[in-house]
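The values are calculated or read from the model by the stated rules, or taken from the named source; none is laboratory data. What you see is a predicted model; the values in this text were computed from it and never measured. Side chains are part of the model used for accessible areas, which takes the heavy atoms of the whole protein and leaves out ligands, DNA and RNA. Shrake-Rupley method; radii C 1.70, N 1.55, O 1.52, S 1.80 Å.
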Amino acid sequence: MLIESMSDFFYEPVYIPILLLLLGLLYLGILVYSFTKIKYNIIGYFLIGISIITYLLVGLYMTGKGYYSDGHAPDMFLFGSMGFLELTLLTYPYIFLTLAVALGKKGV
């Protein structure tokens, strides 16, 4: 039970949306670089596909256009909606990209 003077919101620093935007843009650069420098096998391409799909789904969630399992969010904006949850979710595309690169061979 919450006391009336307590808020159910927690503090999110201002730099989190900027960090998320930079990490999202950095992912695209790393993806292009890995396609030019790494030769993938079938499993690598599968992991790259999972990585791209996860990146797009997290992007939909971050921009407020996706389905929210945590409730209705009618006032979600691009920079107002990004927080610690999205920062955690944005690690998954990087994880699958790292696995794909680890299975690939250097050089095209």
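L78: open to solvent by less than 70 Å² (accessible area, probe 1.4 Å), within 18 Å of Y15 (Cα to Cα) and modelled with pLDDT under 85, yes or no?
Values: open to solvent by less than 70 Å² (accessible area, probe 1.4 Å): no; within 18 Å of Y15 (Cα to Cα): yes; modelled with pLDDT under 85: yes.
It is false that L78 is open to solvent by less than 70 Å² (accessible area, probe 1.4 Å), within 18 Å of Y15 (Cα to Cα) and modelled with pLDDT under 85.
Candidates I52, I48, I3, I42: the one that is open to solvent by 100 Å² or more (accessible area, probe 1.4 Å), at pLDDT 90 or above and not small (G, A, S) is I42.
Being among the aromatic types (F, W, Y), open to solvent by 30 Å² or more (accessible area, probe 1.4 Å) and modelled with pLDDT of 90 or more, is that true of even one residue in the stretch 25-34? Within the stretch 25-34 (the criterion being among the aromatic types (F, W, Y), open to solvent by 30 Å² or more (accessible area, probe 1.4 Å) and modelled with pLDDT of 90 or more), the answer is yes, since at least one residue qualifies.
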